[in-house]
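A.B. asks: Attaching a single structure in structure tokens format; questions to follow.
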Amino acid sequence: MILTDKQILDEIEKGRIVIEPYNRDYLGTNSYDVHLGKYLATYEDRVLDARKHNKISVFEIPEEGFVLQNDTLYLGVTREYTETHDHVPFLEGKSSVGRLGIDIHATAGKGDIGFCNSWTLEISVKQPVRVYKGMPIGQLIYFMSQGEVERYYNAKKDAKYNQRTEFPVESMMWKNTW
């Protein structure tokens, strides 16, 4: 079951959902709009290797915006820091962003219960498009969970994306054992 606006507000009041900065105007009927942060990143190497630490170059989006190219994967970040303690958060692109040909995540739309951070976006475009820091980029949808949680994400010692940051975070696949 997806939380409605009243349920999201209730969970914010109880501290089970945290959104910083929070603005009531961004609360939809059953979602909360998030915005593109001021930083983007690209991988330094053109060929990525799943077994190595692929380094990124981070840059600030200028006031006049930045034109994304369709042959490059960009890592972005939400302006909002979020915490979700009892629900499963899903990040989806806004339809108006999709209609510009912008995909905001390749595979990582679902967060874990206990995820406490800004969201790194895996941005790709169908054709060149100019983006701006602070523009609406996606929406968080919260699903109710059933049953007790044994290990919250923010309490896992092996969680790779626990360090609070305002910057995009590169893949940590290289830390996996396989």
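The values are calculated or read from the model by the stated rules, or taken from the named source; none is laboratory data. Bear in mind that the values here come from a model prediction, so they are computed numbers and not experimental data. Cβ: placed from backbone, ideal geometry, glycine included. Neighbour counts: every protein chain shown.
A.B. asks: So the check is Cβ under 6 Å with 6+ separation or different chains; which pairs have a first residue in region 146-163 that's closer than 12 Å to Ile113 by Cα and a second one that's small (Gly, Ala, Ser) and at pLDDT 80 or above?
C.D. replies: What qualifies is Tyr152/Gly114; Tyr153/Gly114; Asn154/Gly114.
A.B. asks: Got a sec? Which of Val34, Val58 is closer than 21 Å to Pro128 by Cα and assigned to a strand (DSSP E or B)?
C.D. replies: Step by step, each of Val34, Val58 is checked, and only Val58 is closer than 21 Å to Pro128 by Cα and assigned to a strand (DSSP E or B).
A.B. asks: For Ile141, state whether it is touching a helix residue (DSSP H, G or I) at 6+ places or on another chain (Cβ under 8 Å), farther than 28 Å from Glu44 by Cα and surrounded by 14 or more Cβ atoms within 10 Å (Cβ to Cβ). Let's see the steps before the verdict.
C.D. replies: Working: touching a helix residue (DSSP H, G or I) at 6+ places or on another chain (Cβ under 8 Å): no; farther than 28 Å from Glu44 by Cα: yes; surrounded by 14 or more Cβ atoms within 10 Å (Cβ to Cβ): yes.
Taking the combined requirement at face value, the residue does not satisfy it.
A.B. asks: From Glu150, Glu166, grab the single residue that is over 15 Å from the mean Cα position of the chain (by Cα) and surrounded by fewer than 18 Cβ atoms within 10 Å (Cβ to Cβ).
C.D. replies: Glu150
A.B. asks: Kindly evaluate Thr78 against the criterion of being within 21 Å of Ile12 (Cβ to Cβ) and in contact with a Ser or Thr (Cβ under 6 Å, 6 or more places away or on another chain).
C.D. replies: So Thr78 passes the test.
A.B. asks: Between Arg130, Arg164, which is among the charged types (D, E, K, R), touching a strand residue (DSSP E or B) at 6+ places or on another chain (Cβ under 7 Å) and at pLDDT 95 or above?
C.D. replies: Being among the charged types (D, E, K, R), touching a strand residue (DSSP E or B) at 6+ places or on another chain (Cβ under 7 Å) and at pLDDT 95 or above holds for just one of Arg130, Arg164, which is Arg130.
Listed here are the residues, each with its yes/no results for (1) basic (Lys, Arg); (2) in contact (Cβ under 8 Å) with a residue 24 or more places away in the chain; (3) not in a strand (DSSP E or B).
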| residue | (1), (2), (3) |
| --- | --- |
| Lys52 | yes, yes, yes |
| Pro62 | no, no, yes |
| Gly76 | no, yes, no |
| Asp112 | no, yes, yes |
